[in-house]
1. Quick test for you: out of L128, L167, pick the one residue that is in contact with an Asp or Glu (Cβ under 8 Å, 6 or more places away or on another chain), surrounded by 12 or more Cβ atoms within 10 Å (Cβ to Cβ) and part of a helix (DSSP H, G or I).
2. With the structure loaded, tell me whether L142 is away from the ligand (no atom under 13 Å from the Cβ), modelled with pLDDT under 95 and either crowded, with 19+ Cβ neighbours inside 10 Å or of a type in the set (K, R) (or both) or whether it fails that test.
3. Mind checking whether some residue in segment 90-105 is among the charged types (D, E, K, R), surrounded by 19 or more Cβ atoms within 10 Å (Cβ to Cβ), within 30 Å of A129 (Cβ to Cβ) and modelled with pLDDT of 95 or more?
4. Quick check on this structure: which one of G111, G135, G100 is more than 8 Å from the ligand (Cβ to nearest atom), of a type outside the set (S, T, Y) and on the phi > 0 side of the Ramachandran plot?
5. Determine, yes or no, whether L65 is surrounded by 19 or more Cβ atoms within 10 Å (Cβ to Cβ) and more than 30 Å from I161 (Cα to Cα).
6. Of everything in segment 72-90, what is within 12 Å of the ligand (Cβ to nearest atom) and part of a loop (DSSP other than H, G, I, E, B)? Give them in sequence order.
7. Check off (1) of a type outside the set (G, A, S); (2) at pLDDT below 90; (3) within 20 Å of Q164 (Cα to Cα) for T13 and give me the number that stays unchecked.
8. Report every pair of residues separated by at least 6 positions or lying on different chains whose Cβ atoms are under 6 Å apart, first residue within segment 104-121 and more than 16 Å from V83 (Cβ to Cβ), second more than 6 Å from the ligand (Cβ to nearest atom) and not in a loop (DSSP other than H, G, I, E, B).
Amino acid sequence: MRMSRHPQDPEQTGGFVNYGHMFVTLNRGDYWQCAFVIRKGGYDEVRSRGLDAFRAEIVRLAPYLADRVQELKDWDDIKLLTVEVDRLTRWWRPGLLCIGDAAHAMSPIGGVGVNLAVQDAVAAANILAAPLREGRVTTSDLAAVQRRRTLPMKVIQAIQIGVQSRLIDPLLDSDKPITAPGRCGCSTISRFCGGSRRGSSASVSARACAHSGAAAGAIVKRSRAAATI
Ligand SMILES: Cc1cc2nc3c(=O)[nH]c(=O)nc-3n(C[C@H](O)[C@H](O)[C@H](O)COP(=O)(O)OP(=O)(O)OC[C@H]3O[C@@H](n4cnc5c(N)ncnc54)[C@H](O)[C@@H]3O)c2cc1C
C-alpha cells in the first residue's frame with residue numbers, strides 16, 4: 001500500500017515491530033511504500049476486523065502516519081503479496097533453462113534474491129557461452145549450471161527459512177507490546193539489522209534487511225513465509 005510522505009517525516013526507510021506486527025516503510029520521495037507483514041493465510045482475518053481496525057494498527061506502530069491513514073479508502077488500496085520460498089527440482093529442459101526466481105523463488109529476507117539471480121546469470125554465461133557460440137549446447141551443459149548454483153541457493157534459502165521461523169514467526173505469534181531491549185526477538189532483529197528503537201515500536205533499519213517487515217516437497221521446497229499487504 002502507499003501513503004503520502006510529508007517533509008517532516010523521517011528520511012529513513014525502515015520498519016516497526018510491535019504488538020505481533022511488522023510494518024515496513026520504504027521512502028519513495030513523495031510517498032511511502034508500505035508493507036504490513038501478516039501470517040500467511042491471515043488476510044481474511046485482517047479484513048474481517050475492518051479497515052478502521054487496520055488503520056488503527058498501522059498508527060499504533062507508526063504514529064506519524066495518523067494524519068494520512070485515511071488515504072487507504074478501501075481494500076482496493078491494499079494489495080496482498082504472498083511471499084514464497086521454493087525451488088524447482090530440475091531447472092532445465094531441452095531448450096530451456098530457468099535461473100533466478102524462476103528456478104528458486106527467494107523471500108525478501110536479507111535482500112539477497114537479486115544477487116542470487118545475477119550470480120545465476122553469470123554462471124550460465126560462463127558455462128554456456130562457448131557451447132552456444134559453437135552451436136553445441138547439450139542438456140548436460142544446462143545441468144552444469146544448476147549444479148554450480150545449487151549449494152549457494154540452498155544455503156541462502158535455509159537462512160531465509162531459519163530467520164522466518166526463528167525471528168519473524170515468533171514476532172507475529174505474539175500480540176504483546178515489546179517492552180525491554182534484549183528480552184525478545186525484536187531486539188534480536190534490531191541488532192541483526194543494525195537498527196534502533198524509536199517510540200513505542202522497535203524500528204529496524206533497511207540497511208541490512210531491505211524489506212524486513214514478512215512456507216517443502218519433491219517438486220518444490222516451501223517455507224512458512226509470511227504474506228505482506
Ligand atoms: C516483497 C519482496 C521484496 C524483496 N526485496 C528484495 C530486496 O530488497 N533485495 C533483493 O535482493 N531481493 C529481494 N527480493 C527477492 C527478489 O525480488 C528476487 O529474488 C529477484 O527479483 C529475482 O530476480 P529475477 O530476475 O529472477 O526475477 P524477477 O525480478 O521476478 O524478474 C522477472 C521479470 O520477468 C518479467 N516477466 C514475467 N513473465 C513474463 C513474460 N511472460 N514475458 C515477459 N516478461 C515476463 C517480470 O515482469 C519481471 O520483470 C524480494 C522479494 C519479495 C517478494
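1. Numbers: L167 fails: in contact with an Asp or Glu (Cβ under 8 Å, 6 or more places away or on another chain).
So the residue among L128, L167 that is in contact with an Asp or Glu (Cβ under 8 Å, 6 or more places away or on another chain), surrounded by 12 or more Cβ atoms within 10 Å (Cβ to Cβ) and part of a helix (DSSP H, G or I) is L128.
2. Values: away from the ligand (no atom under 13 Å from the Cβ): yes; modelled with pLDDT under 95: no; either crowded, with 19+ Cβ neighbours inside 10 Å or of a type in the set (K, R) (or both): yes.
No: the conditions fail for L142.
3. Start the filter on segment 90-105 by keeping residues that are among the charged types (D, E, K, R), which leaves 90, 93, 101.
From what's left, surrounded by 19 or more Cβ atoms within 10 Å (Cβ to Cβ): none.
No - not one qualifying residue is present in segment 90-105.
4. Working: G111 fails: more than 8 Å from the ligand (Cβ to nearest atom); G100 fails: more than 8 Å from the ligand (Cβ to nearest atom).
The unique qualifying residue is G135.
5. Numbers: surrounded by 19 or more Cβ atoms within 10 Å (Cβ to Cβ): yes; more than 30 Å from I161 (Cα to Cα): yes.
Yes: the conditions hold for L65.
6. Our first condition is that a residue be within 12 Å of the ligand (Cβ to nearest atom); within segment 72-90, this holds for 79-87.
Hits for segment 72-90 are K79, L80, V83, E84, V85.
7. Condition not satisfied by T13: (3).
8. Pairs that qualify, where the first residue is more than 16 Å from V83 (Cβ to Cβ) and the partner is more than 6 Å from the ligand (Cβ to nearest atom) and not in a loop (DSSP other than H, G, I, E, B), are D120/R149.
The values are calculated or read from the model by the stated rules, or taken from the named source; none is laboratory data. Since we're looking at a predicted model, the values are computed, not measured. No Cβ is skipped: glycine too gets one built from the backbone with ideal geometry, and neighbour counts run over all protein chains shown.
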